[in-house]
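Structure record follows, encoded as structure tokens.
The values are calculated or read from the model by the stated rules, or taken from the named source; none is laboratory data. Fair warning: this is a prediction, and the values are worked out from it, not measured in the lab. Here the Cβ positions follow ideal geometry from the backbone for every residue, glycine too, while neighbour counts run over all protein chains shown.
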Amino acid sequence: MKTYEELVQEYRKRQHDTVVDTIATGLTYVDEIAIDTGILEETGILTELTQSVSGILPFIIISATEGTKVLLGKKPGMTGLKDGAFRMVKSGAAMGVGAAVTGLTGFWAAIPVTMGVRALFDRYRSKALTGRRVQGRIQRLQELNRFIRHEEPEKEQAETMIPEEVLEAAGQVE
Amino acid sequence: MSERTELTERTKEKPKSLWNGALKMVKGENSAKLIEDFTAEMTLVAEGLCEDQTKLRRDVDRMMTEEDQRIQALQSQAEAMERTLDEERANHDRDLTELRNRLAALEKKAAREPVKEKPKKGNIIRDLTVLIAIAAGAWIIVTLLNKLL
């Protein structure tokens, strides 16, 4: 039997969302890197296509990963939606910071800044929002509970069915 | 080697934990941080366990399906074998009945035609002829020998 700490460590290792999102935000600069290194020309269909795809790449990746998790039954739909939205907001904010840095210094400096900001959003959390986060976690657990109950309604029904002996015993106690 | 490494790590961690403990004694625990950490860990563990449970349930379902398929295949094989065995038994019974009938028919035939005993007279005459021939041969040989010598 694993201890609580071992479980926490194990499940923490399984979470790759931060890494995926960090890499995805870094990939938003792939078009500019390609143009700068000469792989792509400054004008052309391929360049325009790469530019439009790289801009929304993190959001596509987030949608795909969260959608897969929901479809595979790893998490409830509502939780997946919320997680996806939060991840998108964080990635978007990091990309905004990156855009500001790009405007100031250039995109080579913006790449580590964007990736770092995205990683830091998951690492450090605002103390002022602790209450909201706790509330959100309670909701997540409630949704998870409903999700599990919904998955095995027959089993639940069988569990909730009270045998006659118990009812008789309850009557005797009264 | 690994034990030594663990011992070294423990030795390194011990002063750190002592220091952390002492800091906690002085500063006191930050309840907001504790709540944050605990709820985050609990949510993580609950979701992880749910994921594991879902995976295990799927595995069990898959295994049950496979087991059902195997049982069905075995049942069909057993039925086929039983059918073959019945056919073989029926064939064997038919052969046995046929053999019995043929035996009974032969017995009846044998009962109807009694065995004819050969006369013993012929045998005696033949034996006597042989003996006489031997004696005659011996007499001839003796006579010839007497005449020649």
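With A:F121, A:F59, A:F86 as the choices, which residue is of a type in the set (F, W, Y) and either within 14 Å of chain B (Cβ to nearest Cβ) or outside any helix (DSSP H, G or I) (or both)? Spell out how you get there, then give the answer.
Working: A:F121 fails: either within 14 Å of chain B (Cβ to nearest Cβ) or outside any helix (DSSP H, G or I) (or both); A:F59 fails: either within 14 Å of chain B (Cβ to nearest Cβ) or outside any helix (DSSP H, G or I) (or both).
Of the residues listed, the single one that is of a type in the set (F, W, Y) and either within 14 Å of chain B (Cβ to nearest Cβ) or outside any helix (DSSP H, G or I) (or both) is A:F86.
Tell me which residues, restricted to the stretch A:93-115, are free of Cβ contacts under 8 Å to residues at least 12 places away in the same chain and closer than 16 Å to A:D17 by Cα.
Hits for the stretch A:93-115: nothing passes.
Of (1) within 30 Å of A:R146 (Cα to Cα); (2) free of Cβ contacts under 8 Å to residues at least 24 places away in the same chain; (3) crowded, with 17+ Cβ neighbours inside 10 Å; (4) polar (S, T, N, Q), A:T68 satisfies all except one. Which?
In the conditions (1) within 30 Å of A:R146 (Cα to Cα); (2) free of Cβ contacts under 8 Å to residues at least 24 places away in the same chain; (3) crowded, with 17+ Cβ neighbours inside 10 Å; (4) polar (S, T, N, Q), A:T68 misses (3) alone.
Pick from the stretch A:1-28 the residues that are out of contact with any Phe, Trp or Tyr (no Cβ under 9 Å at 6 or more places or on another chain), buried (at least 16 other Cβ atoms within 10 Å of the Cβ) and of a type in the set (S, T, N, Q): which of them is nearest to B:T39 (Cα to Cα)?
The extreme case among them is A:T22.
If we scan the stretch A:68-81, do we find a residue that is away from every other protein chain (no Cβ under 14 Å), under 12 Å from the mean Cα position of the chain (by Cα) and either among the polar types (S, T, N, Q) or part of a helix (DSSP H, G or I) (or both)?
Yes; the residues of the stretch A:68-81 include at least one that is away from every other protein chain (no Cβ under 14 Å), under 12 Å from the mean Cα position of the chain (by Cα) and either among the polar types (S, T, N, Q) or part of a helix (DSSP H, G or I) (or both).
Could you list all residues from the stretch A:45-63 that are of a type in the set (G, A, S) and surrounded by 12 or more Cβ atoms within 10 Å (Cβ to Cβ)?
Correct list: A:S54, A:G55, A:S63.
Among the residues that make up the stretch A:13-30, is at least one of them within 12 Å of chain B (Cβ to nearest Cβ) and farther than 21 Å from A:I138 by Cα? Quick ask: steps written out before the conclusion?
Within the stretch A:13-30, the subset within 12 Å of chain B (Cβ to nearest Cβ) is A:13-15, A:17.
Still in the running and farther than 21 Å from A:I138 by Cα: A:13-14.
Within the stretch A:13-30, one or more residues are within 12 Å of chain B (Cβ to nearest Cβ) and farther than 21 Å from A:I138 by Cα.
Just a yes or no: is a residue in the stretch A:153-167 surrounded by 13 or more Cβ atoms within 10 Å (Cβ to Cβ) and modelled with pLDDT under 85? Walk me through it before giving the result.
Taking the stretch A:153-167 as the starting set, the residues that turn out to be surrounded by 13 or more Cβ atoms within 10 Å (Cβ to Cβ) are A:156.
Pick out the ones that are also modelled with pLDDT under 85 and you get A:156.
So far as the stretch A:153-167 goes, yes, one or more of its residues are surrounded by 13 or more Cβ atoms within 10 Å (Cβ to Cβ) and modelled with pLDDT under 85.
Do you know which residues across the stretch A:5-24 are closer than 21 Å to A:I60 by Cα, in contact with a helix residue (DSSP H, G or I) (Cβ under 7 Å, 6 or more places away or on another chain) and of a type in the set (V, I, T)?
If the condition is that a residue be closer than 21 Å to A:I60 by Cα, in contact with a helix residue (DSSP H, G or I) (Cβ under 7 Å, 6 or more places away or on another chain) and of a type in the set (V, I, T), then A:T18, A:V20, A:T22 are the ones that fit.
If A:E42 meets every condition in (1) surrounded by fewer than 18 Cβ atoms within 10 Å (Cβ to Cβ); (2) part of a helix (DSSP H, G or I); (3) away from chain B (no Cβ under 14 Å); (4) not hydrophobic (A, V, I, L, M, F, W, C) apart from one, which number is that one?
Exception for A:E42: condition (2).
On the given criteria, is A:L129 free of Cβ contacts under 8 Å to residues at least 24 places away in the same chain, in a helix (DSSP H, G or I) and within 16 Å of the chain's Cα centre (by Cα)?
Considered against the rule, which asks whether it is free of Cβ contacts under 8 Å to residues at least 24 places away in the same chain, in a helix (DSSP H, G or I) and within 16 Å of the chain's Cα centre (by Cα), A:L129 comes out as no.
What residue, of B:M63, B:M81, is of a type in the set (A, V, I, L, M, F, W, C), more than 14 Å from chain A (Cβ to nearest Cβ) and closer than 30 Å to A:K74 by Cβ?
Numbers: B:M81 fails: closer than 30 Å to A:K74 by Cβ.
Checking each option against the conditions leaves just B:M63.
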